[in-house]
Amino acid sequence: MPPNVSRLKDLAISETGLIFDPGTGSIFTSNATGVAILMAMKEGKNTEQLIASLLNTFEVNENTAELDVQDFLNQLSSAGFAQS
C-alpha cells in the first residue's frame, strides 16, 4: 500500500528523530534513516527517489537502501500511515 502522503505532510519531524502526529497526538521516534525517508516522502518522492536519497545521504549500497526503504514503508503501514 502506498503511504498517505497528505497525512505525512502534517507530521512534525525533528532532526533528532522525534515525530509528532498532530492528528492523533501520537509521538514516535526514528533513527536518522527513518527521518531522511520521511522528509523525502513529505517532498513527494517515490520509492526509487527515496532509495536514491539514501544512497546520496548515507554510506550504504543499493541493496541496503532498498531494504531500509521497504522496511520503513512497512512500519508506516503498520502505524496506519497507508491508504486502504
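For the pair residue 52 and residue 78, label points projected 7 Å from Cα toward Cβ lie 3.0 nm apart.
Normalising the average separation of contacting C-alpha pairs (under 8 angstrom, six or more residues apart) by the number of residues puts the relative contact order of the stretch 5-78 at 22 percent. Only alpha carbons enter this Debye calculation for the chain, each as an equal point scatterer, and the log10 of I(q)/I(0) it gives at q = 0.12, 0.16, 0.17, 0.26 Å⁻¹ is -0.31, -0.56, -0.63, -1.46. Its DSSP H runs of at least 4 residues, each contributing -39,500 (n - 2.57), put the calculated 222 nm mean residue ellipticity of the chain at -15500 deg cm²/dmol, to the nearest 500. In whole Å, how far is the Cα centre of the stretch 32-57 from that of the stretch 60-76? Using only Cα atoms to place each centre, the spacing works out to 10 Å. For the chain, the longest principal axis of the C-alpha atoms and the axis of helix 47-57 are separated by about 70°. Between the helical axis of 62-78 and the longest alpha-carbon principal axis of the chain there is an angle of about 10 degrees. Remark: spin-label model distance residue 64-residue 42 equals 2.6 nm, labels positioned 7 Å along the Cα→Cβ axis.
Only the coordinates and a few stated rules stand behind these numbers; no lab work does. No experiment lies behind these values; they were computed from the predicted model shown. Glycine also receives a Cβ, built like all others from the backbone with ideal geometry; neighbour counts cover every protein chain displayed.
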